[in-house]
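Peer 1: First the structure, then my questions, so here it is.
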Amino acid sequence: MKGSARILLALLASVATPRLAHAWDPATTHAGMTERAAAISKLHATLVHDLDRALGLFEPLRLDFSLLDRNQARSLKARLEMLDPAGGCRPSPDAVATASAWLRAGAVLAKTPPERGRNHFLEPSTRQGLDDGGGLSGTLYAARLTLDEGTTMRDTATGQTFDLEGMSALEWVHSARNDLGLATFLEQWALATRATQPNQRDTALVRALLALGGTLAVLEDMGQPAYVRNDFRSEFLARETGSALERFVADRYGAVGLPASSKPVARPDFDSFFVAPDGKGLAQTTQQRFFSTGTLPQDLSIDAQESNADITAAANRTLRFGEPSLSTLDIRQDGKTRYVVRDGMRLLAYDCGGNRVRFFLDERIRQDLARRWLPEIEAYAAGIVDHLLRHRLQIKVADGKAEIAMVGESSAGLAGKSIHVLVEDAAGKRREIASSSISADPLSIRLPSDARKVAAFIQTDGADGFVASSEARLP
């Protein structure tokens, strides 16, 4: 064996065998939060009233793999087959599932395979993604995967294994490389209205729901402290079983017992759900309120002459992030566990004994975080759904004419965009018959004699894109 290989193996032997991080458990926590977010959003109403899907989230939809690129179809089919049937979001053998199941499947597939989770990190102040910094541990981790998971050095070199670095969550959710991101959602949601044949429209709606679920999964990870505090190593690599917080949430609540939210969060634009100048993006609020395993205050040796205030100040100086900071600690040498509490939540545990203060996270802290913070995450997820569906078109049909108008949000800022109008015949085939620039006045269109349904859509792209679609049957 060559010397360099012996050195590498020796280094590997000193590293505990790590496993890929899933952030929130995909099959339970992500699926559950996504379902709860959808339930309080306007998604069901939009499917029923705007897209003429009578059952809304319970509408059965079929994915026609023959309409996809061969490699794309093979990859998606393989990933769907990896889903646990007991989870309720794996489609039937003929690729049929409800709209809700497709949405939840997208949230699970966002980290299938698990190394996709490398792109779910976001440090708010720098807007950077996962960065191990030291470099060596990332190299060792990739090499460990090569030996343990059957991947190759080529996979490692081309980024197909997890090397402890990744795109930021914001960059990833906007990336054209992300088949479950914002661009795919916007494209496919519009195609679900404008595609010619019914099977094309169903497949497009399925792909839009998958992409929406994938987008929600990235946002939901902004509610996990480790993901906004660049803390992969301590949260996931320190022990074989991974994140204690995520195990606790998955074991305690599963997919159906998660605490529920009641009202979606409203934000001014898409990115502000993640991070924003007002400091109220989910990544920012999570970072400011919670510690993660690797960003606790350092344990301290204490001197009998030091006051509680001195010890507290010393602990605060060891923090990697300014918030949450510590108020005055109760430094009594009795070994009892005490807590730093803020807004009724236990954020940090500590005890004192042997002239030393030890800081840690325990189950009571995880319990408080789950009980109070999971509903907040769901509210952000529901809010971003409503934001993407913020514009609506209303179609009124009478006397062989269709009158189409924007409703709800103002049309300000949509100058130069067009409303596209289509009709559907008795066979379900659609064709575009008109397009017109958006204005404050309703658009009036004479309908052809073979029209059985009229549909319209507006699509914009970019960082804060949206699609407004509507369909109406003729009397």
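The values are calculated or read from the model by the stated rules, or taken from the named source; none is laboratory data. The structure presented is a predicted model; accordingly, all values stated were derived computationally and were not measured. Cβ: placed from backbone, ideal geometry, glycine included. Neighbour counts: every protein chain shown.
Peer 1: So which of THR158, THR196 ends up being surrounded by fewer than 19 Cβ atoms within 10 Å (Cβ to Cβ) and at pLDDT 50 or above?
Peer 2: THR196
Peer 1: Could you please tell me which pairs satisfy a Cβ distance under 6 Å, a separation of 6+ or placement on different chains, a first residue in segment 90-104 that is modelled with pLDDT of 95 or more, and a second residue that is charged (D, E, K, R) and assigned to a loop (DSSP other than H, G, I, E, B)?
Peer 2: ALA99/GLU59
Peer 1: Same structure, new question: Looking for something of a type outside the set (D, E, K, R), in contact with a helix residue (DSSP H, G or I) (Cβ under 9 Å, 6 or more places away or on another chain), assigned to a strand (DSSP E or B) and over 30 Å from THR29 (Cβ atoms) - is there at least one such residue anywhere in segment 353-365?
Peer 2: yes
Peer 1: So, LYS429, is that one at pLDDT below 90 and closer than 25 Å to GLN200 by Cβ or not? Full working, then the answer.
Peer 2: On the way: at pLDDT below 90: no; closer than 25 Å to GLN200 by Cβ: yes.
Judged against the criteria, LYS429 is not a match.
This table checks each residue for (1) of a type outside the set (A, V, I, L, M, F, W, C); (2) surrounded by fewer than 20 Cβ atoms within 10 Å (Cβ to Cβ); (3) assigned by TED's automatic domain parsing to the domain that holds TRP172.
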residue	(1), (2), (3)
SER261	yes, no, no
PRO264	yes, no, no
ASP269	yes, yes, no
PHE273	no, no, no
PRO277	yes, yes, no
LYS280	yes, yes, no
PHE290	no, no, no
THR293	yes, no, no
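Peer 1: Could you grab me the full set of residues in segment 277-300 that are within 16 Å of LEU369 (Cβ to Cβ) and not in a helix (DSSP H, G or I)?
Peer 2: Answer for segment 277-300, where residues must be within 16 Å of LEU369 (Cβ to Cβ) and not in a helix (DSSP H, G or I): PHE290, PHE291, SER292, LEU296.
Peer 1: Quick one: in segment 454-475, of everything that is of a type in the set (Gly, Ala, Ser) and not in a loop (DSSP other than H, G, I, E, B), which residue is farthest from the chain's Cα centre (by Cα)?
Peer 2: Ranking the qualifying residues of segment 454-475, first place goes to ALA472.
Peer 1: Could you tell me which residue of segment 218-254 is farthest from GLY88 (Cα to Cα), considering only residues that are buried (at least 24 other Cβ atoms within 10 Å of the Cβ) and among the small types (Gly, Ala, Ser)?
Peer 2: Looking at residues that are buried (at least 24 other Cβ atoms within 10 Å of the Cβ) and among the small types (Gly, Ala, Ser), I get ALA226.
Peer 1: Taking into account only those residues within segment 69-89 that are touching a residue at least 12 places away in the same chain (Cβ under 8 Å), part of a loop (DSSP other than H, G, I, E, B) and on the phi < 0 side of the Ramachandran plot, which is surrounded by the most Cβ atoms within 10 Å (Cβ to Cβ)?
Peer 2: Checked segment 69-89; the qualifying residue surrounded by the most Cβ atoms within 10 Å (Cβ to Cβ) is CYS89.
Peer 1: Looking at (1) among the aliphatic types (A, V, I, L, M); (2) more than 29 Å from ARG104 (Cα to Cα); (3) without any contact (Cβ under 8 Å) to a residue 12 or more places away in the chain, which is the one condition that is false for ALA238?
Peer 2: That leaves (3) as the condition not met.
Peer 1: Ok, one more. Across segment 306-352, which residue is surrounded by the most Cβ atoms within 10 Å (Cβ to Cβ) among those that are assigned to a helix (DSSP H, G or I) and free of Cβ contacts under 8 Å to residues at least 24 places away in the same chain?
Peer 2: Let us first name the residues in segment 306-352 that are assigned to a helix (DSSP H, G or I), namely 308-317.
Retained after the next criterion (residues that are free of Cβ contacts under 8 Å to residues at least 24 places away in the same chain): 308-310, 312-314, 316-317.
Details: ASN308: 13, ALA309: 12, ASP310: 13, THR312: 22, ALA313: 15, ALA314: 18, ASN316: 15, ARG317: 10.
So the residue we want is THR312.
Peer 1: OK, next. Would you mention how many residues in segment 244-297 are closer than 20 Å to ASP25 by Cα, among the charged types (D, E, K, R) and in contact with a Pro (Cβ under 8 Å, 6 or more places away or on another chain)?
Peer 2: Adding up the residues that qualify gives 0.
Peer 1: Another question, then. Residues in segment 232-262 that are modelled with pLDDT of 90 or more and at positive phi: how many?
Peer 2: Residues that pass the stated criteria total 1.
Peer 1: Hey, another quick one. Restricting to segment 41-51, name every residue that is assigned to a loop (DSSP other than H, G, I, E, B) and either at pLDDT below 95 or among the aliphatic types (A, V, I, L, M) (or both).
Peer 2: Listed by number, the list holds a single entry, LEU51.
Peer 1: A further question on this structure: So, in segment 437-453, exactly how many residues are assigned to a loop (DSSP other than H, G, I, E, B) and surrounded by 13 or more Cβ atoms within 10 Å (Cβ to Cβ)?
Peer 2: 6
Peer 1: Do you know which residues across segment 113-133 are surrounded by 22 or more Cβ atoms within 10 Å (Cβ to Cβ) and in contact with a helix residue (DSSP H, G or I) (Cβ under 8 Å, 6 or more places away or on another chain)?
Peer 2: GLY117, ASN119, HIS120, PHE121, LEU122, PRO124, LEU130
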